[in-house]
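Reading through the structure tokens given below for one structure.
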Amino acid sequence: MHKYSSLALTIVMLQSCSYLPELPDLPEMPDIIPDISLPETYREDIKQGSILTEKKVSQLAIGMSEKEVKDLIGSPAIIDPFHANQWDYINFSIYHKKENINYRLRLVFDQGVLKEIDKSKLGVLPAETIITEDTINDSKQEEENPWYKFW
């Protein structure tokens, strides 16, 4: 009997949550306060993945060793355990006031030698890496205050 009363109480409580009154339509803000712009929320730029430039990618050549590739464009973002000879350089960056950057460069090695360069999903890369004042300030701050020095 206790099971059925708990079940009935649960059903009644769930039914009471299903009714929501309709909210009235509110006027748009420009209709209320004309010629005034409201402040926007701050959105941080999200930079994820390998940063490549057109200049460095154009220097890649079939026959280069893994070490030469790492020296040229850095370590890959992904080394797939199921495809140990394939390196993927992926970037997915979201910028608040600029165009987003999405690309993928796939390199295939055979016995430590570059055999294939897949630029089909590369898209448009910047000619040079853009170093801003924020980037310089961030790196200086990291040097001055490393996270592991907490005492």
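The values are calculated or read from the model by the stated rules, or taken from the named source; none is laboratory data. These numbers come from a predicted model, not from an experiment. Here the Cβ is made from the backbone with ideal geometry for all residues, glycine too, and neighbour counts use every protein chain on show.
Some points to look at:
- Restricting attention to the range 84-102, the residues that are within 11 Å of the chain's Cα centre (by Cα) and assigned to a strand (DSSP E or B) add up to 7.
- Every pair of residues 6+ apart whose Cβ atoms lie under 6 Å, when the first sits in the range 48-74 and is crowded, with 17+ Cβ neighbours inside 10 Å while the second is part of a helix (DSSP H, G or I) and not β-branched (Val, Ile, Thr): Ile73/Lys56
- Some residue of the range 8-27 being at pLDDT 80 or above and not hydrophobic (A, V, I, L, M, F, W, C): yes
- Positions within the range 85-112 being modelled with pLDDT of 85 or more and exposed (fewer than 13 other Cβ atoms within 10 Å of the Cβ), in sequence order: Asp110, Gln111, Gly112
- Filtered by the rule that a residue be within 18 Å of Gln59 (Cβ to Cβ) and among the aliphatic types (A, V, I, L, M), the range 91-124 gives Leu105, Leu107, Val108, Val113, Leu114, Ile117, Leu122, Val124.
- Every residue from the range 52-72 that is basic (Lys, Arg) and either farther than 21 Å from Ser93 by Cβ or within 22 Å of the chain's Cα centre (by Cα) (or both): Lys56, Lys67, Lys70
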